[in-house]
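What follows is a short report on a single structure.
None of the figures in this text is laboratory data; all of them are computed from the coordinates on show. Computed from a predicted model, the values in this text were never measured in an experiment. Methodologically, a virtual Cβ is constructed for each residue, glycine included, from the backbone with ideal geometry; neighbour enumeration extends over all protein chains shown.
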Amino acid sequence: MDLSEVTIVIPRAAISRRVLESINLDSIYPWYGYPNDILVKLNVYGFRVVDVPHPAKYGSEKSKIKYAKYIPKVSWPLLKDFFWRLKMKYVVLSFHPLVLFYLFGIAFTLLGVFTGLHTLYYKLMLGAPSFVRGVLSALLFMLGLQFLSFAMLFDMQMSKSK
């Protein structure tokens, strides 16, 4: 792709030619989520991002975004970008243990939710005692949230240090 003919407009941002030459423009998400997709790619490759404020002027036009369609449609690519960023930035390009915090956090949180639902089933449907199971489910869930919190904290520190 010839970059002399390419113009990418990202709301409230400016992007250099060097950055445009470094990322694969054909892989950018084509719909409303493209600014987030570009920001994820810039983060992975260590580029600095600076907000360039300018007022938004829409005149009398109204947004045609239907949020009931927009949120699910953009959420899936954002989730894929999140896991791609973890893989590329913290495993492929340079290993960092925070990826393990994310993995343990996701695993323990989901395990806590599923064991909690299982405990509710035992209590409500079978009338079985559920205190110990409930406490263990809550502990798994809280441990998962703690792992996720530490992972996000480490992730923010890693992004600030570059």
task = Would you work out if the range 18-153 is rounded, prolate or oblate? Take a ≥ b ≥ c from the square roots of the eigenvalues of the alpha-carbon gyration tensor; rounded if a/c is under 1.5, else prolate when a/b is larger than b/c, oblate otherwise.
result = oblate
request  = Over 20 Å, how big is the tail of the calculated P(r) for the range 97-155, in percent of all Cα pairs?
outcome  = 32
remark   = The helix 34-44 Cα axis meets the longest alpha-carbon principal axis of the chain at an angle in degrees, between 0 and 90 and rounded to 10, of 80
remark   = Computed, not fitted: 222 nm per-residue ellipticity of the chain from DSSP H runs ≥ 4 (each -39500 (n - 2.57)), nearest 500, equal to -21000 deg cm²/dmol
task = For the range 29-99, just say rounded, prolate or oblate: build the C-alpha gyration tensor, square-root its eigenvalues into a ≥ b ≥ c, call rounded for a/c under 1.5, and beyond that prolate if a/b exceeds b/c, oblate if not.
result = oblate
remark   = Karplus ³J(HN,Hα) for the range 62-79 (6.51 cos²θ - 1.76 cosθ + 1.60, θ = phi - 60°; Hz, whole; x = Gly/Pro) runs 10, 5, 9, 6, 9, 5, 5, 8, 5, 4, x, 5, 8, 5, 4, x, 5, 5
task = Sort 137-143, 35-41, 153-159 for me by packing, meaning the mean count of neighbouring Cβ atoms within 10 Å per residue, highest on top.
result = 35-41, 137-143, 153-159
query = If the chain between Asp51 and Leu117 were fully stretched, how many nm would it gain, using 0.36 nm times the residue separation less the Cα-Cα distance?
reply = 19.4 nm
